[in-house]
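The values are calculated or read from the model by the stated rules, or taken from the named source; none is laboratory data. Since this is a predicted model, take the numbers as computed values, not measurements. Neighbour counts run over all protein chains shown; Cβ positions are idealised from the backbone, glycine included. To get the accessible areas, we keep the full protein, side chains included, count just its heavy atoms, and leave off ligands, DNA and RNA. Shrake-Rupley method; radii C 1.70, N 1.55, O 1.52, S 1.80 Å.
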Amino acid sequence: MEELIKKITEWIFKYQEKYYAKKYKKHLQNVRYSSTNSTSKTHVQAGIKLTLNAKTEQIKQKLDKEVKEIVTKNIKDPEELLKYIQENGTKVYRIPYAEKLLKLAGEEVGFITPIKGPNALLLNLVLEKRISFKTKPMFVFDTSPVNIYTMAHQFHRWYGHKMQLPGFDDEAQEKFKKIWEYEIDANVQTLSYEEILSLKEAVRRDIEAIDFVTKLAKESEGAKKVFENIKNKDNNTNV
């Protein structure tokens, strides 16, 4: 199912990017602009797009390496990952009614990027006992044990947010969340070309997190099978 979602999402955004490039081609003939985030820069002139993202690729490689080291070290105890997150400045909330609360706020259990508006007020009132229409990055889970692969996915996203990778800005994340709520379809025509590019980065970040967990699961399962084979051989030898 995850693989299917990935393929469909990638296709949608490739199609949309081509559509917007074609739609604005006449306007771009004599116009130049640039879109810049913390690690990459996109220039458009006369309908030609050039993305300078060497730094982004370097950070992504660094991200995967560091996250793998931390997650692998704590793969048998995902609660240690939550301690690591808190030690690095992000609050973690464990409440029995987490899913119900987050559903009211239009969010899901796990890592929550900053949000604004009434939903932010609701989370701040319940979790932090303060009045504010903007939240800080946070984790919200229920009180049951955390699944290591769910945690690894959320941890990868959090780490990417901390490293300020493209796609984790507040506006891109807000639009990304609306994709899954089917709220963006009616307004997709109003998105600018720059917004489409930003949204595409947000999708990429989530796909990368899914890919990371998929590889981690395969490696863990492979290691488990090797251990079982060795154990079986030892048992057969002792018989």
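What's the total number of residues in region 124-150 that are within 17 Å of TYR84 (Cα to Cα), assigned to a helix (DSSP H, G or I), open to solvent by less than 50 Å² (accessible area, probe 1.4 Å) and in contact with a strand residue (DSSP E or B) (Cβ under 8 Å, 6 or more places away or on another chain)?
0
Assess whether LEU122 counts as being at pLDDT 90 or above and more than 21 Å from the chain's Cα centre (by Cα).
So LEU122 fits the description; yes.
Would it be correct to say that ILE85 is touching a helix residue (DSSP H, G or I) at 6+ places or on another chain (Cβ under 9 Å), surrounded by 14 or more Cβ atoms within 10 Å (Cβ to Cβ), among the hydrophobic types (A, V, I, L, M, F, W, C) and closer than 25 Å to ALA202 by Cα? Talk me through it step by step, then tell me what you get.
On the way: touching a helix residue (DSSP H, G or I) at 6+ places or on another chain (Cβ under 9 Å): yes; surrounded by 14 or more Cβ atoms within 10 Å (Cβ to Cβ): yes; among the hydrophobic types (A, V, I, L, M, F, W, C): yes; closer than 25 Å to ALA202 by Cα: yes.
In short, yes.
Looking at (1) within 21 Å of ASP206 (Cβ to Cβ); (2) free of Cβ contacts under 8 Å to residues at least 40 places away in the same chain; (3) in a helix (DSSP H, G or I), can you tell me which one GLU108 breaks?
All conditions pass for GLU108, except number (3).
Quick one: is LYS100 open to solvent by 70 Å² or more (accessible area, probe 1.4 Å) and assigned to a loop (DSSP other than H, G, I, E, B)? First the steps, then the outcome.
Numbers: open to solvent by 70 Å² or more (accessible area, probe 1.4 Å): yes; assigned to a loop (DSSP other than H, G, I, E, B): no.
No: the conditions fail for LYS100.
Restricting region 190-223 to residues that are modelled with pLDDT under 75 and more than 21 Å from GLN173 (Cβ to Cβ), which is least open to solvent (accessible area, probe 1.4 Å)?
Step by step, filter region 190-223, then rank; the result is GLY222.
Within region 103-114, which residues are under 26 Å from LYS215 (Cβ atoms) and open to solvent by less than 30 Å² (accessible area, probe 1.4 Å)? Before the answer, list the steps.
Of the residues in region 103-114, the ones under 26 Å from LYS215 (Cβ atoms) are 108-113.
Within region 103-114, GLY110, PHE111, ILE112, THR113 qualify.
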